1. Determine which member of the set Arg11, Arg17 is of a type in the set (D, E, K, R), under 21 Å from the mean Cα position of the chain (by Cα) and surrounded by fewer than 12 Cβ atoms within 10 Å (Cβ to Cβ).
2. List the residue pairs whose Cβ atoms are under 9 Å apart, where the first residue sits in segment 66-80 and is more than 13 Å from Lys18 (Cβ to Cβ), the second is part of a helix (DSSP H, G or I) and among the β-branched types (Val, Ile, Thr), and the two are 6 or more positions apart or on different chains.
3. If a residue must be among the β-branched types (Val, Ile, Thr) and farther than 26 Å from Asn24 by Cβ, how many such residues does segment 41-71 contain?
4. Quick check on segment 41-53: of everything there that is surrounded by 10 or more Cβ atoms within 10 Å (Cβ to Cβ) and touching a His at 6+ places or on another chain (Cβ under 9 Å), which residue is modelled with the highest pLDDT?
5. If Phe25 passes every condition in (1) over 11 Å from the mean Cα position of the chain (by Cα); (2) touching a residue at least 24 places away in the same chain (Cβ under 8 Å) but one, which one does it miss?
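The values are calculated or read from the model by the stated rules, or taken from the named source; none is laboratory data. Given the structure is predicted, the values throughout are model-derived calculations rather than measurements. Counting neighbours? That spans all protein chains shown, and the Cβs are built from the backbone with ideal geometry, glycine included.
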Amino acid sequence: MPPRWPRKPDRNEPAYRKLDDRMNFAVHVATFAAINSGLWFFHIIKFIDWTWLTVFSGVWATILFAHLIYIAFIADYSVESN
């Protein structure tokens with residue numbers, strides 16, 4: 001069941017921004033897992049030999065980790081003053 005927001009969504013609201021960033025991160029993790037598992041599956045069964053796959057997965061995992069660091073520690077979800 002998808003999360004429900006009790007009122008009209010507003011990107012200026014800190015709680016909504018925090019939830020939106022976390023949901024975007026979850027989509028990023030799911031995409032990473034789906035694509036990398038498929039690529040590694042074909043690589044492991046020796047269907048296709050991709051020597052660049054380790055670097056590709058490592059770079060993407062680093063970007064994913066940076067995304068996590070941003071939403072967990074850097075993003076400021078305080079109320080904006082207009």
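1. Numbers: Arg17 fails: surrounded by fewer than 12 Cβ atoms within 10 Å (Cβ to Cβ).
When all the criteria are applied, what remains is Arg11.
2. What qualifies is His67/Val29; Leu68/Val29.
3. Filtering segment 41-71 for residues among the β-branched types (Val, Ile, Thr) gives 44-45, 48, 51, 54-55, 59, 62-63, 69, 71.
Those left that are additionally farther than 26 Å from Asn24 by Cβ: 44-45, 48, 51, 54.
Of the residues in that region, 5 qualify.
4. Within segment 41-53, the subset surrounded by 10 or more Cβ atoms within 10 Å (Cβ to Cβ) is 41-43, 50, 53.
Remaining after also requiring touching a His at 6+ places or on another chain (Cβ under 9 Å): 50, 53.
Working: Trp50: 83, Leu53: 94.
Here the answer is Leu53.
5. So Phe25 meets the others, but not (1).
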